[in-house]
Amino acid sequence: MKNWLLFIALTIVLTGVSCTEKIHTPGVPGSSSFAQTLPDFSLNDPNGNTFTKESISKDGIVLVVTAPILKNKSAQKKWNKYLLKAKAGSKAKLAFLEDMQPSLFKGAAIKGMKKDYQFGKEPLLLIDNGGEIRRALKVPKKKTVVLVYDRDGKLVHLEAGKPSVQAAETMWEKVKDKYSIKPIK
């Protein structure tokens, strides 16, 4: 009997954990835990060029918030691939916000980013040295989360699950070029 109770308890726990990793869509509970408006920022890319909220979000932004740690590397690469492939001419920007705070080897991480980064090509790579912007966005530390903000800086979609082609296509639909989308309630 104890074994069955333990089995049922573990099943409930595992089901709860796996549900938190699924894709979040507008209207799904949990979206309110993230920043509903894009905070002001002034961040550099790996080459030292400065970007502000105003300079890159006027047509909407798909913002992949992540940390340059090995555990996130696969998700970063997949989101990059899927989002670029699905973009199809959208004027909205694709940007990776790299939270450098949890990185044990910041110098090596920035050196690697600088080597792979091409200024003027998407995705834009923004360095969040102390994690201030990640915290303002309310993204958990060491997690990869994709936040979609419309041209008014309102959160219209988020993805906290595993990267997929379908999710990437959905995100670009949320930042239509001709009008603003209603924010998540």
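Go through (1) outside any helix (DSSP H, G or I); (2) more than 13 Å from LEU97 (Cβ to Cβ) one by one and return the number of the condition SER74 breaks.
Every condition holds for SER74 apart from (1).
In the stretch 56-78, which residue that is farther than 18 Å from GLU122 by Cβ and aliphatic (A, V, I, L, M) is surrounded by the fewest Cβ atoms within 10 Å (Cβ to Cβ)?
So the residue we want is LEU70.
So which pairs qualify, if the first residue must be in the stretch 152-177 and under 11 Å from VAL62 (Cα atoms) and open to solvent by less than 50 Å² (accessible area, probe 1.4 Å), the second must be of a type in the set (Val, Ile, Thr) and in a loop (DSSP other than H, G, I, E, B), the Cβ gap must be under 6 Å, and the two must be at least 6 apart or on different chains?
Close Cβ pairs satisfying both conditions: LEU155/ILE184; VAL156/ILE181; GLU159/ILE23.
Would you please name the residue that is least open to solvent (accessible area, probe 1.4 Å), looking only at residues in the stretch 112-141 that are within 26 Å of LYS85 (Cβ to Cβ), assigned to a loop (DSSP other than H, G, I, E, B) and of a type outside the set (Ser, Thr, Tyr)?
VAL139
List the residue pairs whose Cβ atoms are under 8 Å apart, where the first residue sits in the stretch 42-57 and is under 27 Å from LYS176 (Cβ atoms), the second is open to solvent by 60 Å² or more (accessible area, probe 1.4 Å) and aromatic (Phe, Trp, Tyr), and the two are 6 or more positions apart or on different chains.
The qualifying pairs are ASP45/PHE119.
Between residues in the stretch 80-103 that are farther than 12 Å from LEU124 by Cα and residues that are open to solvent by 10 Å² or more (accessible area, probe 1.4 Å) and aromatic (Phe, Trp, Tyr), which pairs lie under 6 Å by C-beta distance while being six or more apart or on different chains?
Every condition considered, the pairs that remain are ALA86/TRP172; LYS87/TRP172; SER90/TRP172.
I'd like to check something: does the stretch 30-37 contain any residue that is modelled with pLDDT of 75 or more, in a strand (DSSP E or B) and under 23 Å from ASP152 (Cα atoms)?
Scanning the stretch 30-37, I find at least one residue that is modelled with pLDDT of 75 or more, in a strand (DSSP E or B) and under 23 Å from ASP152 (Cα atoms), so the answer is yes.
The values are calculated or read from the model by the stated rules, or taken from the named source; none is laboratory data. The shown structure was predicted, so the numbers you read here are calculated from the model rather than taken from an experiment. Cβ sites come from the backbone with ideal geometry, for glycine too, and all protein chains shown count toward neighbours. What goes into the accessible areas is simple: the full protein's heavy atoms, side chains included, and nothing from ligands, DNA or RNA. Shrake-Rupley method; radii C 1.70, N 1.55, O 1.52, S 1.80 Å.
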